[in-house]
Each structure stands twice: as structure tokens, then as C-alpha cells.
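Structure below; questions to follow.
None of the figures in this text is laboratory data; all of them are computed from the coordinates on show. A quick note: this is a predicted structure, and the numbers were derived from the prediction, not measured. We place every Cβ from the backbone using ideal geometry, glycine too, and count neighbours over all the protein chains shown.
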Amino acid sequence: MSASGDAFGSIGRRAFLKAGGALVVGFAIGVPSAGRAQSTARGATAGPPNPELIDTWLAIHADNTATLYIGYVELGQGTTTALPQIAAEELDLALEQISTAQHDTNVTPNQGGTYSSASIARGGPQVRRAAAEARRVLLELASERLGVPVERLRVENGVVTAEGTNRSVTYGELVGGRLFEVPFTGEARPKSPDQYKLVGKPAPRKDLPAKVAGTYTYIQHLRLPGMLHGRVVRPRGQRAYGAGARVVGVDESSIAHIEGARVLRKGDFLGVVAPNEWAAVRAARELKVSWDDRPSLPPFDRLYETMRADETDDTVVLERGSVAEAFASAAHRVTFSSRCPYQAHATFAPNCALADVKADSALVIAPTQDAYGTRRTLAALLGLPEDKVRVQYCESSGTYGHSCYDDVAQAAALMSQLAGAPVRVQLMRWDEHGWDPYGPAHVGEVQVAADTNGKLVAYEYHGWHHNWSLIETSQQLAEGTEPAEWPFLVSQQVSPQNCGAMYAIENLKLVNHRLRTAKYLRCGWLRSPLDLSLSFTSEQAIDELAYRLGEDPCEFRRRNIADERWLGVLDAAARAASWTPRPARADRNDGPVVRGRGIGLGTHLASWGGAVAEIAVNKQTGHVAIEHLYGAIDAGLVVNPAIVEAQIMGQLVQTASRMLFEEVTFDERGVTSLDWNGYRVIRFEECPEITPVIVQRLDQPYSGAGEEVMAAAAAAIANAFFDATGVRMTEYPFTPRRVLAALSSA
């Protein structure tokens, strides 16, 4: 198959791209002409297409439907519904009339990676602008066709009608087969919120019917003609990031009995291919490999002590006032320390990718969150010009951040290049769990002080963790690439949004202590990066101060909150939970099972989150049950409330799982949590009841809702534990062993 071909033409489940036969809306500078016939072939050349052309974003079809081309991918978060909702609003189309094309570096625009809750926050304005410009041009064409001024035209479902007449024309009839080629003029004015009919209203997700019916095409379903099946061969469990996995020796004869199986190697990158998948699985399992097995990791039971004592690069993230002076004169002061684990992305299905690499081109199909970024790294790895590498997106199971999707894409590309044939690579469970770019471990230390009136006067936070690993395992092993870190991003450091900034505190200091990445496990961004750890630490200190002052924790926060949007989510969560004021521990009891409630604030980067947790603790077994979580979010103008409510529910289920169960374990030679027994996640019967709340603000820009309630929920769960038991948990997850130890020491 050629790199410029459509890899999905051979599958029967559904077409990968739905642009065939489209009459593409194009525009010429100036007033639209009567139009000259042209054909436009999407996908014939490498992207990204020019974002200043409406053609890049929209195609109008003869049947009066439209295709929206977006750079953000569907990860299960509803992007392929919410962005069409924005476009349909501006174009006066029904949502059912708009579909989206799958992401492809030869077809769709480069809007950056699908992370940081960016799809609607950053992508929405671009789509809105493009759709508004398209509507402007379409109405000019209709005005010419119907012989009435634009001001006298009305549009419903893509049918343009002249007021006071029975004359009408559809968008599809206006475009015909003609291309107009007009770039953005800036003259089109998007609608104001008071004109919205679709935006701000719930609408069914477009991707769900096929997923529920079991007919949705995931990447694990795809096949290429003539392809081989591949598996990577690595030690079961990664070593320290800087150590990699060094091959000492390979006995290729150990798989000679498996028909068609071959060993592929480049440097320390090792894989096997075979004509069928089971043969590849057997070959990877039975290939005899000697690895350099020297210890490279700190002892698991001394991880946090090692981190705290290690050399660091220190940065003062934020400082105002005089913290030392304020602490010295404060009437009330609390200190609190925490230890927070490595946690895995733990995708439901192991990551998968397909590649067809030829001498002068490459096609790679992968579940990447950033197809253009993946294209760039693949081109360098394969030694090809960037415009000769085509990356097509296909959805996998939930990834929750930077899982192994780029690693497996590189593995497939390397193995295809080495094998001289198309290759499909799917990771095994021990590859996915053992070589994941985990969310980093964290050590936090915070001090908070208040005056005699309960006003917060001083706050200081110190956090120890390491940054994200830049080099994927496949590249590191194949090329011997030295460990490197991602360029600095605010998600990699102590965050003001979760460390005191929601409160009006005159004296505040935040210090980030960055560890050397190479000495620890390979890491990347995990949903709501660092936020759970930061709020778990910070909000417990705030809660403890309220307790010592004998105040209700909600009222204490309300009095100290800095702005109305934090107050809005605090009040919304409290109202949903029917919160009645009382100090923590006021309703304590001495039975074997005790219950408590807690409240917390937190977010990721841009929105506002508040949460309330209701939990039960069995003091005899150490078992913790989260019975109900209430999560409130202020994300500005929420395009589709039904999607955001579902997002809140997903966030809170995952937060419950991470607080109670999830923890990467390892010894000095490598990771040991390699399956669902070693890396425990929440079960269906353990999920709490969840109440999602949206604080809708139609007059504010949308700011993201994919991960912004998790930090607040982590804090609320921790504070509920204290309300139930009178004990502060300094480490999560709250395993029975850890809970019993905390209760015993108290």
C-alpha cells in the first residue's frame, strides 16, 4: 500500500475518511464569482493545510450536508460532537447534517495535541471563525442567486429562504461543483450567546451508537494488506529511564520452531514478526534474550526518602509578601507533608499501531494525541523527510494522557522498515503496564497560617518530583538516545491553581524542586498532571487549619476565597451535597464503620473545580468505600452540558480509583505491577454514586472540562477520611494496610 493511499479502504466496518464525493467550499479573494469548475483532492499532498482558508475546515456536499475537518481527535471525550455543534450553530445547520473526518496529516489541520482540555477551549474559536466565514460567503452567493439583500435572507438547516417569498436555495445547490477560494476576511461576525440554539444545549454524542452496538472501528480492528504481526521484546518491567534495556545476547534459534517468525533488531530495540498474531505472541514469549539486569532504581520502600534527599534544580514559581514574617506573627499555623505515588495510564486495551514503511515514504496509523508531532519524530527515526511520512489517527481505548501510543507507533514503524513489509504491532499487557510513561511520584510539604479572625495570612509549598521523559522507549533502545526531558510546561511544576491561589493570601511562596529524570521511572502526563498530589497536600492543610479553629471547612474556605468563580464551584458542590455547616469530626462515632464528608477545591490549568466526598471507613479491615462524590465545574461557556456531565463522572470515577487503589510498584531491577492484579483499579461495584454539576457561564470563554474536577475530588476524599476517623492520611492510595497503619499510629 502506498503512503498516499487510504489505509482504510480495505476494511469492511466503515470508511475511515468520509470526504469522498465532497463538493468542497472554496473561495477566491474578493466577491465570490459565479465560480469555475475545479476538483480538489484532499490527501494528495502532505499537510498541514493553510488554516487561513475555509477549505481547510469545511466541505459542503451536494446533499446539503457538511464535513468538518478538525485537528483534535476523538478520545472518547466527545470532541467529534461538540466541535460540530459549534460549526452547526454558526452555519444554521442541524447537528445531524455535520460529520467529521478522521485526523490525517495529509487532510486535517494542525491544531496541536489533544490534551490539556484543549479541544473546545482552543479548537472551538477556530471552528467558530471558519464556520462564520463560510456562512458569510454562502449568504452572499444566495443573495446573488435569489436577488435579495443578505439582510433579507433566513437560514434553517442549510436552506436559505428570501423573506416574504417562497424562493429558497440550499447550501449544496449554491456550491455545486464550483470552487471559490476566499481566505478569511475577518468580516464575519460569529453569533452572540443570546442567539444560540445549539450551543449550550445537551446533544447526543455522535460516536456512541456505534460504540454501544459494537460496530465502532478501533485501531485494534485494523489490518493492512500483506501485513505481518509484530510484538516488541523487552524485559517485563522498565528500569530507570536512563538505564533503558540493554541487550547482552539473543538466541534466535530459540524460535526456529515457530513457522515464519523472525527476529528484528536495531541497537537494543528488539522485536519479532510472524504471519499470524498468535505466532508473534509465542515468538516474543519464547525468544531467549539476556539482559543487563543491574539494579538501577531506588528501593521501593525508600522512594520518597530518596526523592527528598536527592539533588534538585529549584525554582520559585510564585512569591509575594514576606512569608517568614507572616508565619512568625500568625496566631495559628499548620504544617503537612505528603507522599504521592507513580500511577499508570492503564489503558483498557494495550496500545496498537500499524505501519507501512517504504524506501521513500511511510504510512503510520496510530492512536496518537498529536499526529503532526508524531509525524515529526517518526520522520527523524526513519530517516525520511517529514512530508514523506503520513500519520492517520484511529481511536484506541481510553488513554488519560500520554500512554504508550507514540512508543508503539515508533515500534511499528521501526519493525516495518526492518521487515520490509507492513507491520501491525500490539503491546502485551506487561508491555503496557510495565513500560508506561507513568504520572510522576511527588513529595509535598506545605505550611499555612491564619490570624485570630480565621483569615489566611501565609502559605508556603515545596514540591519534589521529576519532569516528563521526552524520548520514547523504542527510539531510546534503537538509537541509544540519551535520556531527555520535555521542554518546560506549567503542568510539570508546583501549580498556583492548586496551591493557595484560590484564596486571598497576601504572603505566599511556591517552590518547585525538580529531580533528575534519568534516575527514576519514565514519566509523562497523566490526566490532571500532578494536580491530585498538590491538592491532596494543600487542601488537607487548609482543612486542618479550619478544624483547629473550630470552623466548618466550607465556611472557612468561603470566607477566604479570592474570586467569585472559585466561590461558585464551592457553593455548587456544597448545595448539591446538601452541606450543613459544622466543624469536622463534630458527628464522630466509635463504631467499627465510620462515615465522614469532606470538601475540596482544585483544578488543572484553566477552569475551576469544587467537590464534596462522602465515605465510609471500616476501622477493623482498613477498607475505605467512597459512597458519593459531588463534582462542580466552571468551564465558562459549556458547549454540550451532557458531554461535560459525563466528563465529570469519568473524572470522579478515576479519582476514586487513584485515591483508593492505583500505585506502580517496583524493585531495584524494574517495575513489578505488570497486570490488573499487580496494578489494581476500581471495580464496577466499588464505584461511588456521582452527582455532576455545571456552573454555566455563557458570557465567558470555554476553558476546558476534561480533567478539572479531579484535584478537588482527591482533596475532598482525603478530608472526608479525616472527618470519619480523626486521622490525616499522608500517603495515597488508601490501601487497607496503609489505613490500618495510620489508624494504629494515631
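State, as an integer percentage, the relative contact order of the chain based on alpha-carbon contacts under 8 Å between residues 6 or more apart.
14 percent.
Between GLY124, ILE86, MET227, whose Cα lies farthest towards the positive end of the dipole of the chain when Lys and Arg beta carbons carry +1 and Asp and Glu beta carbons carry -1, centred on the Cα centre?
Towards the positive end, the residue furthest out is MET227.
Could you tell me the calculated FRET efficiency between ARG575 and ARG376, based on Cβ-Cβ distance and R0 = 51 angstrom, to the nearest 0.05? Numbers along the way, then the final one.
Values: r = 48 Å, r/R0 = 0.94.
The formula returns an efficiency of 0.60 here.
Separate question: Assign unit charges at the C-beta atoms only (+1 for Lys and Arg, -1 for Asp and Glu), then state the dipole size of the chain relative to its Cα centre in Debye, rounded to the nearest 20. Present the calculation step by step, with values, prior to reporting the outcome.
Working: 74 positive and 85 negative charges, 192 e Å.
Around 920 debye, computed over the chain.
Suppose the chain between PHE684 and LYS455 were pulled fully straight at 0.36 nm per residue; how much longer would it get relative to their current alpha carbon spacing? Walk me through the intermediate numbers first.
Numbers: separation 229, 0.36 × 229 = 82.44 nm, distance 4.22 nm.
The span from PHE684 to LYS455 would gain 78.2 nm if fully extended.
Rank by packing, highest mean first: peptides 379-385, 548-554, 700-706, with packing defined as the count of other Cβ atoms within 10 Å averaged across residues.
Numbers: 379-385: 16.0, 548-554: 18.6, 700-706: 22.9.
The most tightly packed comes first, giving 700-706, 548-554, 379-385.
Using unit Cβ charges (K, R positive; D, E negative) and no other charged atoms, how large, in debye to the nearest 20, is the dipole of the range 36-204 about its Cα centre? Working shown, then result.
Working: 16 positive and 19 negative charges, 27 e Å.
Charge dipole of the range 36-204: 120 debye, to the nearest 20.
Spin-label point model (7 Å from Cα, Cβ direction): what's the ARG516 to THR315 distance in nm?
1.9
Spin-label point model (7 Å from Cα, Cβ direction): what's the ARG145 to GLN620 distance in nm?
About 7.7 nm separates the two model spin labels.
From Cα coordinates alone, what are the radius of gyration and Dmax values for the range 170-307 in angstrom?
27.3, 72
Can you give the % of DSSP beta bridges in the chain that are antiparallel, to the nearest 5?
On the way: 85 of 113 bridges.
In the chain, DSSP labels about 75 percent of beta bridges as antiparallel.
Restricting the count to DSSP beta bridges whose residues both fall in the range 595-746, what percent are antiparallel, rounded to a multiple of 5?
Values: 20 of 26 bridges.
Among the beta bridges of the range 595-746, antiparallel pairing accounts for roughly 75 percent.
Follow-up question, since we're still on this one. Taking K and R as +1 and D and E as -1, what net charge do the other residues with C-beta under 15 Å from the C-beta of VAL617 add up to? Walk me through the numbers on the way to the answer.
Working: positive: ARG585, ARG588, ARG595, ARG597, LYS619, ARG728, ARG737, ARG738; negative: ASP587, ASP590, GLU614, GLU627, GLU686, ASP723.
Residues close to VAL617 contribute a combined charge of +2.
Taking 8 Å as the Cα distance limit and 6 or more residues as the minimum spacing, I'd like the relative contact order of the range 197-321 as a percentage. Intermediate results must be reported in sequence, preceding the final value.
Working: 115 pairs, mean separation 31.1, N = 125.
Rounded, it is 25 percent for the range 197-321.
What is the range 36-204's relative contact order, in percent, from Cα pairs under 8 angstrom and six or more apart in sequence?
30
List the lysines whose Cα sits under 28 Å from the Cα of LYS619, skipping any in the same chain fewer than 8 residues away.
none
Please report, in debye to the nearest 20, how large the charge dipole of the range 265-392 is about its Cα centre when each Lys and Arg carries +1 at its beta carbon and each Asp and Glu carries -1 there. The partial results should precede the final answer.
On the way: 16 positive and 18 negative charges, 96 e Å.
Rounded to the nearest 20 debye, it is 460 debye.
As an exercise, use a Förster radius of 51 Å and the Cβ-Cβ distance of LEU489 and GLU163 to find the FRET efficiency, rounded to the nearest 0.05.
Values: r = 52 Å, r/R0 = 1.02.
After rounding to 0.05, the efficiency reads 0.45.
If you don't mind, there's one more thing I want to ask. Mind checking which of SER322, ALA606, PRO275 is farthest towards the positive end of the chain's charge dipole, using Cβ charges of +1 (Lys, Arg) and -1 (Asp, Glu) about the Cα centre?
Result: PRO275.
Points 7 angstrom from Cα along the Cβ direction at LYS388 and ALA562: gap in nanometres?
Taking the two extended label points, one gets 5.2 nm.
Continuing with the same structure: Taking Rg and Dmax of the Cα atoms in Å straight from the coordinates, which label in (1) 31.2, 109; (2) 27.4, 104; (3) 27.7, 85 is the correct one?
Derived directly from the coordinates: (3).
Once Lys and Arg get +1 and Asp and Glu get -1 on their Cβ, which of GLN497, ALA712, PHE336 lies farthest toward the positive end of the dipole of the chain?
Going by the charge dipole, the pick is ALA712.
Considering only the other residues whose Cβ falls under 12 Å of the Cβ of THR377, what net charge follows from Lys and Arg at +1 and Asp and Glu at -1? Show your work: numbers first, answer last.
Values: positive: ARG375, ARG376; negative: ASP370, GLU386, ASP406, ASP407, GLU472, GLU479.
Local net charge: -4.
Sticking with this structure for a sec: Roughly how many whole Å is it from the C-alpha centroid of the range 233-260 to that of the range 557-627?
Value for the Cα centre distance between the two parts: 49 Å.
Let me ask you something else. Of the listed peptides 92-104, 44-56, what is their order by residue-averaged count of other C-beta atoms within 10 Å, with the highest listed first?
Values: 92-104: 20.7, 44-56: 17.0.
Descending packing order for the listed peptides: 92-104, 44-56.
Given the peptides 460-469, 581-590, arrange them by the average over their residues of other C-beta atoms within 10 Å, most packed first. Intermediate results must be reported in sequence, preceding the final value.
Numbers: 460-469: 24.1, 581-590: 13.7.
Packing proxy ranking, top to bottom: 460-469, 581-590.
Okay, moving on. List the residues of the range 592-611 whose backbone N lies under 20 Å from a point placed 7 Å from the Cα of LEU743 along the Cα-to-Cβ direction.
Only 592-598 fall inside the zone, counting backbone N under 20 Å.
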